[in-house]
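For reference, the structure discussed in these notes is given below.
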Amino acid sequence: IILHYITILQDIFRNQHRLIRFLEQSIRLCSNQSLKAAQQLQQQQKSAVDFQITSSVDAQYTSAPEPVKHDKDLGHQFRASQLSVRLAAPEQLQPKPDNDEELGFGRLFTDHMLKIYYHKSLGGWQKPEISPLENLVMHPAAKVLHYAVELFEGMKAYRGVDGKIRIFRPDMNMNRMNLAAQRSGLPTFEGKEFVQCLSRLLSIDSEWVPHTEAASLYIRPTLIGIDPTLGVASSDSALLYAILSPVGSYFKTGSSGAVSLLADPSHVRAWPGGVGNRKMGSNYAPTINVQKEAAAKGLQQVLWLYGEDHQLTEVGTMNIFMFYVNDQGEQELVTPPLSGLILPGITRDSILNMTRQWGKFKVREGNVTMPMVCDLLNQGRVSTPYSSISESLLMNLHFVVPLQLLELFGAGTACVVSPVNRINYLGQDLYIPTMEQEKPVHELIRERLTDIQYGKVDHPWSVVID
């Protein structure tokens, strides 16, 4: 009897946080949260107990980041302690969106921006400044306009269930941004100092951070060469700035919530020795016309292939993951390796780190090809679904479990996780059973990552903005 009551008490304590979160979501109806959405959130939190994430998750990188080396003649660095603030006048304030849940992506911007100039002739980085959002003024010969001497990052600020604002693993964005600056001949900077400046900007425009888990505040740090001289050379003057934009969903998905892809091997996004692993605008402009080609075929995004074996590299602007049953009968999550062809995504690294700690399936980095995807789909059509084969049956029957593709999904800051349900490859539509799984792995990953980002789980990956 005592054990029975102990079990009841354990259930009560285990589930009390769900009631608290449900009440919090209901109270926030004034912030455009509907009661129905709160109930759906409560229902989602009941699933996948085995995949709970706590602050014990390893906060380190999956692989060591490349070191950033400042040039000897860079000059002095800027410091957050030097930051000055010039607030917008009442007539400069922008109207805030009426409905956070109906935001698009990158169409609205907050009242202020962060700007930091670099001039080699003046000794290096100048003092950082927060000012009202304003147009940039530069010489028509500025290198950014002629030679694409520029790079950017994508980050987000989230309003947590406790009302606090958080950003996610900003140290990784700063490392990646500095590596791109090195490759572009632009000045590097101290990432920690820039994050402190960003934190001040976020605190000033904090009311722009959406009061819903269906949206967030996108942060766009950008570094451009503004040297007013023609000629392909490093820029002796640069501007590092950041703007903020409240955003909703990045992709327009189908009715199922999944995206469809065009996989055309005649188009290549990156190649060995290039800059496919750097977040530069020059990587993205050439993809726009191919994206239009995909849209003309009724497809949402492009699956970028490389090589004679048609290796999967990225999907749209995201890293790609495949979840399947391998030839050993094991469930396995695989994503392409950091070979220089793909961006070292922060979400990618977080997924690898998190799922390896779960220990529920094999996780690895390795090449995935379109012939492999086709073979998995063909075998899956004539095989018994792996999830329906009992463990005892596997122990007693002597046969090889056929390989089977279970899920394909993209991952990135803008979308977190985006499932794929169809690929148009060499004129043929391949239907991916991502949305047919009873408990899809991509949903578990999305929930656990957003639990961290929105403060449901205390974790060192999330940095609270004071």
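The values are calculated or read from the model by the stated rules, or taken from the named source; none is laboratory data. This structure is a prediction, so every number in the text was calculated from the model and none was measured. Note: ideal-geometry Cβ built from the backbone for every residue, glycine included; neighbour counts use all protein chains shown. Side chains included, ligands, DNA and RNA excluded: accessible areas come from the protein's heavy atoms. Shrake-Rupley method; radii C 1.70, N 1.55, O 1.52, S 1.80 Å.
Inside segment 314-358, can you point out the residues that are of a type in the set (Lys, Arg) and open to solvent by 10 Å² or more (accessible area, probe 1.4 Å)? Break it down into steps so the answer makes sense when it comes.
So in segment 314-358, the residues of a type in the set (Lys, Arg) come out as 348, 356.
The one that is of a type in the set (Lys, Arg) and open to solvent by 10 Å² or more (accessible area, probe 1.4 Å): Arg356.
Can you tell me which residue in segment 71-102 is modelled with the lowest pLDDT, limited to those that are charged (D, E, K, R) and surrounded by fewer than 14 Cβ atoms within 10 Å (Cβ to Cβ)?
So in segment 71-102, the residues charged (D, E, K, R) come out as 71-73, 79, 86, 91, 96, 98, 100-102.
Then drop every residue that is not surrounded by fewer than 14 Cβ atoms within 10 Å (Cβ to Cβ), which leaves 71-73, 86, 91, 96, 98, 102.
Values: Asp71: 93, Lys72: 93, Asp73: 95, Arg86: 97, Glu91: 93, Lys96: 90, Asp98: 82, Glu102: 73.
Here the answer is Glu102.
Do we have Thr287 as within 20 Å of Ser266 (Cβ to Cβ) and open to solvent by less than 60 Å² (accessible area, probe 1.4 Å) here?
Numbers: within 20 Å of Ser266 (Cβ to Cβ): yes; open to solvent by less than 60 Å² (accessible area, probe 1.4 Å): yes.
The answer is yes for Thr287.
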Exercise. Do any residues in segment 344-365 that are over 20 Å from Asn326 (Cβ atoms) and modelled with pLDDT of 95 or more have Cβ atoms under 7 Å from those of residues that are open to solvent by 70 Å² or more (accessible area, probe 1.4 Å) and not β-branched (Val, Ile, Thr), where the two are at least six apart or on different chains, and which pairs are they?
Worked result: Pro344/Leu338; Asn353/Asp58; Gln357/Asp58
Exercise. Within segment 69-84, can one find any residue that is touching a residue at least 24 places away in the same chain (Cβ under 8 Å), touching a Phe, Trp or Tyr at 6+ places or on another chain (Cβ under 9 Å), part of a loop (DSSP other than H, G, I, E, B) and over 24 Å from Ile226 (Cα atoms)?
Worked result: no
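Can you find a residue in segment 317-335 that is out of contact with any strand residue (DSSP E or B) (no Cβ under 7 Å at 6 or more places or on another chain), within 24 Å of Tyr218 (Cα to Cα) and of a type in the set (Ser, Thr, Tyr)?
Step one: list which residues in segment 317-335 are out of contact with any strand residue (DSSP E or B) (no Cβ under 7 Å at 6 or more places or on another chain), which gives 327-329.
Okay, now just the ones that are also within 24 Å of Tyr218 (Cα to Cα), so none.
So far as segment 317-335 goes, no, none of its residues is out of contact with any strand residue (DSSP E or B) (no Cβ under 7 Å at 6 or more places or on another chain), within 24 Å of Tyr218 (Cα to Cα) and of a type in the set (Ser, Thr, Tyr).
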Exercise. Do we have any residue at all in segment 301-313 that's farther than 30 Å from Asp98 by Cβ, touching a Pro at 6+ places or on another chain (Cβ under 6 Å) and not in a strand (DSSP E or B)?
Worked result: yes
Exercise. If you take the residues of segment 290-299 that are closer than 16 Å to Ser266 by Cβ and outside any helix (DSSP H, G or I), which of them is least open to solvent (accessible area, probe 1.4 Å)?
Worked result: Leu299
For this session: Could you grab me the full set of residues in segment 271-284 that are in a loop (DSSP other than H, G, I, E, B) and open to solvent by 10 Å² or more (accessible area, probe 1.4 Å)?
Result: Trp271, Pro272, Gly273, Gly274, Val275, Asn277, Arg278, Lys279, Met280, Tyr284
For this session: Output the residue which, of all residues in segment 193-221 that are open to solvent by less than 10 Å² (accessible area, probe 1.4 Å) and β-branched (Val, Ile, Thr), is nearest to the chain's Cα centre (by Cα).
Result: Ile219
For this session: Could you grab me the full set of residues in segment 323-353 that are over 30 Å from Gly273 (Cβ atoms) and in contact with a helix residue (DSSP H, G or I) (Cβ under 6 Å, 6 or more places away or on another chain)?
Result: Phe323, Tyr324, Val325
For this session: Mind listing just one residue for me: the one in segment 415-429 that is in a strand (DSSP E or B) and under 24 Å from the mean Cα position of the chain (by Cα) and, of those, modelled with the lowest pLDDT?
Result: Val416
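So how many residues does segment 144-180 have that are closer than 19 Å to Leu198 by Cβ and assigned to a loop (DSSP other than H, G, I, E, B)?
First pass over segment 144-180, keeping only residues closer than 19 Å to Leu198 by Cβ: 150-160, 164-180.
The next check asks that each one be assigned to a loop (DSSP other than H, G, I, E, B); those that pass are 153-154, 160, 164, 169.
Residues in segment 144-180 being closer than 19 Å to Leu198 by Cβ and assigned to a loop (DSSP other than H, G, I, E, B): 5 in total.
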Exercise. Within segment 300-313, can you find the residues that are touching a residue at least 60 places away in the same chain (Cβ under 8 Å) and either in contact with a Cys (Cβ under 7 Å, 6 or more places away or on another chain) or open to solvent by less than 10 Å² (accessible area, probe 1.4 Å) (or both)?
Worked result: Leu303, Leu305, Leu312
Problem set entry | Every residue from segment 222-236 that is open to solvent by less than 20 Å² (accessible area, probe 1.4 Å) and small (Gly, Ala, Ser) | Gly225, Ser235
